[in-house]
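**Q** Take this structure, written in structure tokens, and hold onto it; I'll ask about it next.
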Amino acid sequence: MFDSSDYPKALDEELFQSWLEQGREMKISYNYLLIIWNMMEEIYQPAYIEEREEWNEYERYPNNTGQDALVAVFDLYSESRVVLS
């Protein structure tokens, strides 16, 4: 995933699938998986949220000057990518 010049490196598909499964298995009823790029460690990390409004706490890649940048959002149950507005 994210295997293009727009992103720093590709995300392993198996790792992504494991993040979806982990999110669905959590006791808190999360609805979304956020894919976060950690600029310091240069790795992708998962974040789970319940409501769409919560992803506003993250700035989008590549415009972030902080450590973490939002790359994409996925619905945990349909596995579809959510369009960021």
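**Q** Residue check: is V82 modelled with pLDDT of 80 or more, surrounded by fewer than 19 Cβ atoms within 10 Å (Cβ to Cβ) and in contact with a Lys or Arg (Cβ under 9 Å, 6 or more places away or on another chain)? Don't jump to the end; show me each part of the working.
**A** Details: modelled with pLDDT of 80 or more: yes; surrounded by fewer than 19 Cβ atoms within 10 Å (Cβ to Cβ): yes; in contact with a Lys or Arg (Cβ under 9 Å, 6 or more places away or on another chain): yes.
So V82 passes the test.
**Q** Assess whether A10 counts as being free of Cβ contacts under 8 Å to residues at least 40 places away in the same chain, of a type in the set (A, V, I, L, M), touching a Ser or Thr at 6+ places or on another chain (Cβ under 9 Å) and open to solvent by less than 70 Å² (accessible area, probe 1.4 Å). Steps first, please.
**A** Values: free of Cβ contacts under 8 Å to residues at least 40 places away in the same chain: yes; of a type in the set (A, V, I, L, M): yes; touching a Ser or Thr at 6+ places or on another chain (Cβ under 9 Å): yes; open to solvent by less than 70 Å² (accessible area, probe 1.4 Å): yes.
When the stated conditions are applied, A10 passes them.
**Q** Just checking: which of the strands (runs of 3 or more DSSP E) contained wholly in the range 15-85 hold 1 or more residues that are of a type in the set (D, E, K, R)?
**A** Details: elements: 32-38, 43-49, 68-75.
Hits in the range 15-85: 68-75.
**Q** Please count how many residues of the range 37-47 are under 13 Å from the mean Cα position of the chain (by Cα) and either crowded, with 19+ Cβ neighbours inside 10 Å or acidic (D, E) (or both). Step through it out loud before you land on a result.
**A** Let us first name the residues in the range 37-47 that are under 13 Å from the mean Cα position of the chain (by Cα), namely 37-38, 43-47.
Narrowing the set further to residues that are either crowded, with 19+ Cβ neighbours inside 10 Å or acidic (D, E) (or both) leaves 37, 44, 47.
Going through the range 37-47 one residue at a time, the tally reaches 3.
**Q** Filter the range 54-70 for residues that are open to solvent by 40 Å² or more (accessible area, probe 1.4 Å) and modelled with pLDDT of 85 or more and give the result.
**A** E54
The values are calculated or read from the model by the stated rules, or taken from the named source; none is laboratory data. All values reported here derive from a predicted model rather than from experimental measurement. No Cβ is skipped: glycine too gets one built from the backbone with ideal geometry, and neighbour counts run over all protein chains shown. For the accessible areas, the whole protein counts, side chains as well, though only heavy atoms, and no ligand, DNA or RNA atoms are used. Shrake-Rupley method; radii C 1.70, N 1.55, O 1.52, S 1.80 Å.
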